[in-house]
Amino acid sequence: MAKLVLKHLLAIRWFHWVNFPILFLMIWSGLLIYWAYPIYHLGPIQLFPQWLFAMFGMKFRLAEGMALHFVFMWLFIVNGILYVAYTLFSGEWRYLVPTSRSAFRDAWHVFLHDLHLRKEMPPQEKYNAAQQIAYTGIVVMGVGSLITGLAIYKPAQLAWLATLCGGYESARVIHFVLTMGYIGFFLIHVAQVILAGWNNFRGMVIGYELVRDGEEQ
Ligand code: HEM
């Protein structure tokens, strides 16, 4: 026998799916801005060469990028604050924050399990330790983007914030690295969702997962 079990609360699903297009627009508009002064590289490799901007039609769109970035940042912030507040008040944070002392060891075991190098999964509740670290990490990254973003948005008025980030240049580097981090998170997250399968994905859409007898956690 199989039954539907509530996994994700309605509000959480809203915050999650609203965040997705906003974050996409923030990264897109951020790159439109970055085009105007694309200085970062890894050794000899230019991170975003001109041909890449040209390929996606992203050249000469600085003003548009700034306009989009500075509008959608408010939605990103409000949605993020509401999400964190809701997880705190609803108690959902207990499933999300890696509170176990063995969280990092468990996450490593999850990683080995995913690579088929380990048979058993560590015991878990709603999320495994790797998910807990990733989901908590992404919220901390969001706070980091907010702080460094404000520091480079108003470096004169918020000079103290820029100083806190190690100066304007350093705030800009951190802001950029965090953006690359979102792209990395996104690729791994979506790959994991595909591996976890339809039931898991549908759970984040309708809230319920189909659970067979004996599968309950
Ligand atoms: C196509 C894009 C995405 C898909 C298909 C997707 C899918 C999912 C699914 C299915 C879950 C539930 C996992 C489970 O029950 O084990 C989940 C949870 C989560 N996802 Fe995504 N996601 C996407 C984009 C994002 C993005 C862009 C972020 C943030 C940068 C994000 C952050 C999270 C977080 C924090 C959770 C935990 C939510 C909670 O329970 O409070 N996701 N996602």
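The values are calculated or read from the model by the stated rules, or taken from the named source; none is laboratory data. Computed from a prediction, not measured in an experiment: that's the story for all the values here. Here the Cβ positions follow ideal geometry from the backbone for every residue, glycine too, while neighbour counts run over all protein chains shown.
Of all residues in the stretch 33-44, none are crowded, with 17+ Cβ neighbours inside 10 Å, touching a residue at least 12 places away in the same chain (Cβ under 8 Å), within 16 Å of the ligand (Cβ to nearest atom) and not hydrophobic (A, V, I, L, M, F, W, C).
When Ala162 is tested against (1) under 25 Å from Ala11 (Cβ atoms); (2) free of Cβ contacts under 8 Å to residues at least 40 places away in the same chain; (3) crowded, with 16+ Cβ neighbours inside 10 Å, just one condition goes unmet, and that condition is (1). For Trp74, the requirement of being at pLDDT 95 or above, closer than 19 Å to Gly144 by Cα, exposed (fewer than 13 other Cβ atoms within 10 Å of the Cβ) and away from the ligand (no atom under 16 Å from the Cβ) is met. Suppose we keep only residues that are touching a residue at least 40 places away in the same chain (Cβ under 8 Å), farther than 30 Å from Tyr37 by Cα and of a type in the set (Val, Ile, Thr) within the stretch 170-217. Which one would you say is nearest to the ligand (Cβ to nearest atom)? Restricting to residues being touching a residue at least 40 places away in the same chain (Cβ under 8 Å), farther than 30 Å from Tyr37 by Cα and of a type in the set (Val, Ile, Thr), the top hit is Val205. Taking each residue of the stretch 72-99 that is aromatic (Phe, Trp, Tyr) and looking for partners that are in a helix (DSSP H, G or I) with beta-carbon atoms closer than 6 Å, six or more apart or interchain, yields Phe72/Ile22; Phe72/Leu25; Phe72/Met26; Phe76/Ile22; Phe76/Met26; Tyr83/Phe15; Tyr86/Ala11; Trp93/Thr87.
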